[in-house]
Structures are given as C-alpha cells and as structure tokens.
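Since every read-out is calculated from the coordinates, none of them should be taken as a lab result. All values reported here derive from a predicted model rather than from experimental measurement. Virtual Cβ from ideal backbone geometry, glycine too; neighbours counted across all protein chains shown.
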Ligand code: ARG
C-alpha cells in the first residue's frame, strides 16, 4: 500500500520535520497484530532528539495527525498506528485498476534505458537441459518485468554453437554417423555420437587430435566442416524452437558463439595492445592475480579460442550495437567465476561499463534430491517432458470440465503454466525439486490454482452478464479488504521484483490476491447482494491483476478451464 505509506509519511513529516520523508518511510512498518492498524511508526529513535519517552512522543504526535485517507491515527505505546480508511481505499484502488487495466502496476523509471538479456543459450547437438529451461523462464520473466518498469529490452539467445566439441562431433559423425538417423531424431542421435566419441577417445586418445583438427578446419572456414556444422546447427535450432513455441518465448537475436568467430582476432589484438596478455604453457591468458582470481584463458596452445574469448567479443559487440545501460546474464551459478573474470578483464581493458554487466545466477533442478542428469544412454528430452505434462493437464480438464470447447489449447496453457510457475514461485537461487504432481495440483501455490482462480472470477462476470467501469463508494469488511490491500500491493511488488531480479515476488503477489479472493468468494454472496456493483468491480480487478501477474511470469490465463 505504497500510496498510503507515503501519505502517512507526509503526515508524520509535518510533526517530525527534522526527519526526511525518506527516513520516515524507512522506519514505517506493518504492524504484526491486525488490531494495531495497517501502518505503524515506532518512536524509539526519537527519544534522544526530543529528550522524551517514546510513549509520550507517540501520544503527542498522534493528537496532531489527521488525513482523510486514514480512519484514525492513534498512539499505542511507543508506536503511532494508522488505520487506512477502507472505503476510500476500496474506491481508489479499484478505480485505478479498472481505468489502467493491464497497465496497472507499471512504472516509468526505466524509460529511455535499455537492458540486454542473455538468456536460455542452449548448446546445439545436445539436449535442452533443465538448466537452460530455468535460464529461459527466469530470464524471460525478468525481461517482462523490466518492460513493465519502462525499460527497452533485448533478448539474446546466445546459442552454444562453437568450440572444440563441434570438432569432436564432426569427427564422430565422419566415423560412425548415419544421415537418416540424424534427420529422424537429431538431438538424440548427435548427442549419442558425441558421447560415443568421448568413450572411444578414452581408449584411443589420438581421436582427440582428430577432433581438434576438425575444429581448426571449422574455425578457418573449411567447406565440409562448415556444411556439417551448419546442418547440425539447423536441426538443433529447429528442435529448440519447438520448445520455445510451447513456452511462448521469443528472442530478438539468436547470435550465438559462432557469430563471434570473425570478431575474436580483434579482441586478442586489443588485449595484446593494452599489454594484458601473458604466455602460460604456450597458451595466452590475462592474469588476474591482484583480484585473487585464476587467469582468464584467451587462446589455447593450438591457437583455438575459448568460451571466455567469445564472451569478451560478444560483450563488446553488444555494447556497440545496443548501447545498453545494463546487461544481464541469466546463467546457472556454477558459471559465477567465469562472469567475474569477464567483468574484470573488461575493466582492465578500460571499459567502465563493465560495472553494468550483471550475472543473474540460479540454483539447480533436482530429482529425488539429486541433480537431474542426462544419464548415459537414456536421454530425457525437455520437449517430451512438456508434452507429457500437457497430456496430464488435458486428462485433468476432461475430468473437471468435459464440455470445455478448446481443451487442447487450455491444456497447453495449464501444463506449460504449471511448469513455469513451479520454477518461478521460489527465489531463483533455491534448488527446485522437479515433480509433476506438485506442479499440477489445483490447490495450494501452483500455476493451475492461479489460472483456475482467474477463470472462476471470469465465470462470475459471465454470470453477471456485465461489468462496471467505475465504482462510487466502497466496502470495509475484512474479506474484501484482504483482496483490495493485496491488489494495492501489486505495483510495489513489481518494482521490488525488478530491483531484486526476482520473479518469485510477482508469484507471491498474485498468489496472495488469489488466496484472499477465494476466501472472500467462499463466504460472500456476490451476484444476489445489495452491493453487487461494488463486488463486481472487485471481481474484475482480480481477473485483471492475476492475468497481468501471470503474463509477467510468461504464463497464459484462459478465461475458462
Ligand atoms: N551455452 C552455455 C552453457 O550451456 C551458456 C551460455 C551463457 N551465456 C554466456 N554469454 N556465456 O553453459
């Protein structure tokens, strides 16, 4: 309830003028006990300045405070408590939602600024992993949230399509490959080839030289190497696109690591000119001793470039191309050292904008408490997992609402929504346990629960056969107040979710709305009551804000399910 917090702070400032509004805002808290009102200001720290007991300060000040937004402002021991005028708040908050609709909760502090997101970034010829799923949904949600705060965004899918492993893959394909199998099941087949290469190279290390040779050929533009690589890339991206279609995620750029192949010489030269390169065992590195970091590897003994070289080239390219204000890399926490090194090297090169590069890390997805792995032989493909959960969602819908017209579409929205919400409801650094059952529950804190609440609110509006565009007056019972105050918190929750790069704050925000609304609905008559207009406004506001919150998370909200 930001507006109210500010109004309370302004009031307090009239009596405590030596504290700034900012300082007062810092001190205002939410009382733990409901009977103590909606906002509280503790007077302890004023005792010194005023040379009075905090109780007395609170009492004297409370007598001088009054504002129409508050029903009463009173002292309670060392605290000044403010009770929001619920009727007024009901009207103000709901009218704002009904007027702004999906723009409710938007901010403009990002206007004119650009954030570049590095997200998803799977590796070609390999299964799309759970880690890449997390990067995709977390990155997409944070990007949505930043757009809501006014920022321009660029979503870059930095495909892992370059590196020695592709030399190995080409070598493996030349030895054991089968064109028809690659066409039929590209990711599985290519991944098997790659795994086989590693197994055989253990027995026959000379294979590794063959792999390196093919990568050299690839780097220098050899036609055959190039053609195979292009093919592997195309079929991989096609498979990834199926997943992105299901997830409803799109990108502004798919420039992956290979895109920087011809831009790395310039980086190496610049590092050289700036005197930052040192030789170490025949390789070229940037030493980062003074930062207590291991050296950043730039070029291998055989001249091949590395992951870090490409990330330096891509950072420079992105700064030139997008002139970003911030660049966020949504990548698992196991790459923290890598990004710390990249930032340090850029700083050493004299680029102060490196301070605006930020690694946004996240935890792992676990199964049975352990890291999910692509166990040898048995590859679980994400697309299959998604299709399976969509099928489960469809079964669920068939049981609950067999007459629903567009079952398939809704099943997709519910299944995919369940997966995304399951990921985003926790703070991103936490590990997430992967469980179909948990995801698909219609009760508790799940995606389907929120979608269901949204659909249920819509069904009330459908039954009413009308909506109201504005309310005059308001309600003040505890049930409706719980809903209104949850809605009123949404704009602040959006802002904080952006600042903390934390979509779970949006999830919590709309979950609170859904929960209080369901409680309200269980105890109140809506359509056949005296205050039907006031209540319809509340119901519609609930549909608007839940839908918008879900949209920020990348989840759709069907009107019926
Ligand atoms: N493809 C990499 C991986 O799967 C992630 C890339 C992250 N982005 C970056 N700019 N390094 O590990």
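What is the helix-to-structure angle for 186-203, meaning the angle in degrees between its Cα long axis and the longest Cα principal axis of the chain, kept from 0 to 90 and rounded to the nearest 10?
Taking Cα atoms only, the helix is inclined about 50 degrees.
If we restrict to alpha carbons, what Rg and Dmax does the range 122-190 come to, in Å?
16.9, 53
Per q in 0.10, 0.13, 0.23, 0.25 1/Å, what log10 I(q)/I(0) does a Debye calculation on the alpha-carbon atoms of the range 260-344 return?
-0.25, -0.43, -1.28, -1.41
Which whole-number percent gives the relative contact order of the chain, counting Cα pairs below 8 Å spaced six or more residues apart?
Computed over the chain, the figure is 17 percent.
Highest mean first, how do 282-295, 164-177 rank when packing is the count of other Cβ atoms within 10 Å averaged over residues?
Highest mean packing first, the order is 164-177, 282-295.
Any idea what angle helix 223-247 forms with the longest principal axis of the chain, computed on alpha-carbon atoms, 0 to 90 degrees, nearest 10?
Between the helix axis and the principal axis of the chain, the angle is about 20 degrees.
Give me the distance between the Cα centres of the range 153-192 and the range 386-423, rounded to whole Å.
Answer, in whole Å: 32.
Which whole-number percent of Cα pairs in the range 348-438 have a distance greater than 16 Å?
In whole percent, the long-distance tail amounts to 67.
Provide the descending list of Cα extents for the range 307-348 along its principal axes, expressed in whole angstroms.
28, 21, 17
Can you work out D for the range 332-488 in µm² s⁻¹ from Stokes-Einstein, where Rh is the Kirkwood radius over C-alpha pairs, the temperature is 25 °C and the viscosity is 0.890 mPa s?
Reported coefficient: 123 µm²/s.
Which whole-number percent of Cα pairs in the range 239-386 have a distance greater than 25 Å?
It works out to 41 percent of all Cα pairs.
Need one word for the range 186-291: rounded, prolate or oblate. Basis is the Cα gyration tensor (sqrt eigenvalues a ≥ b ≥ c); a/c below 1.5 gives rounded, then a/b vs b/c decides.
Verdict is oblate for the range 186-291.
Tell me what the chain gives for mean residue ellipticity at 222 nm when only DSSP H runs of n ≥ 4 count, each as -39,500 (n - 2.57), the sum divided by the residue total, rounded to 500 deg cm²/dmol.
-18000 deg cm²/dmol
Would you please report the Å³ per residue occupied by the convex hull of the alpha carbon atoms in the range 42-191?
So the per-residue hull volume is 242 Å³.
For the range 478-558, what is the relative contact order in percent, using Cα pairs closer than 8 Å and at least 6 residues apart in sequence?
33 percent
So how long is each side of the chain along the principal axes, counting just the alpha-carbon atoms, biggest first, in Å?
85, 66, 40
Ranked highest first by average number of other Cβ atoms within 10 Å, how do 226-237, 481-492 line up?
The densest-packed peptide leads the list: 481-492, 226-237.
At q = 0.12, 0.14, 0.18, 0.19 Å⁻¹, what log₁₀ I(q)/I(0) does the range 405-525 have when each alpha carbon counts as one equal point scatterer in the Debye sum?
-0.54, -0.72, -1.10, -1.18
Using alpha carbons only, how many degrees (0 to 90, rounded to 10) separate the axis of helix 86-100 from the longest principal axis of the chain?
40 degrees
Note down the Stokes-Einstein diffusion coefficient of the range 303-405 in µm²/s, whole number, using a Kirkwood radius over alpha carbon pairs, 20 °C, and 1.002 mPa s.
Rounded to a whole number, D works out at 121 µm²/s.
For the range 12-73, what is the Kirkwood hydrodynamic radius in Å, using each pair of distinct C-alpha atoms?
By the Kirkwood definition, the hydrodynamic radius is 12.4 Å.
Rounded to a whole number, what is D in µm²/s for the range 259-306 from Stokes-Einstein with the Kirkwood radius over alpha-carbon pairs (37 °C, 0.692 mPa s)?
293 µm²/s
Taking Cα centroids, how far is the range 219-294 from the range 490-561 in Å?
When both Cα centres are located, 43 Å separates them.
Can you order the peptides 6-15, 117-126, 200-209, 100-109 by their average number of other Cβ atoms within 10 Å per residue, highest first?
In descending order of packing, they fall as 117-126, 6-15, 100-109, 200-209.
Convex hull over the Cα atoms of the range 1-114, averaged projected area in nm²?
9.1 nm²
Over the Cα atoms, compute the radius of gyration (one decimal) and Dmax (the largest Cα-Cα distance, rounded to a whole number) for the range 464-553, in Å.
Final numbers for Rg and Dmax: 13.8, 44 Å.
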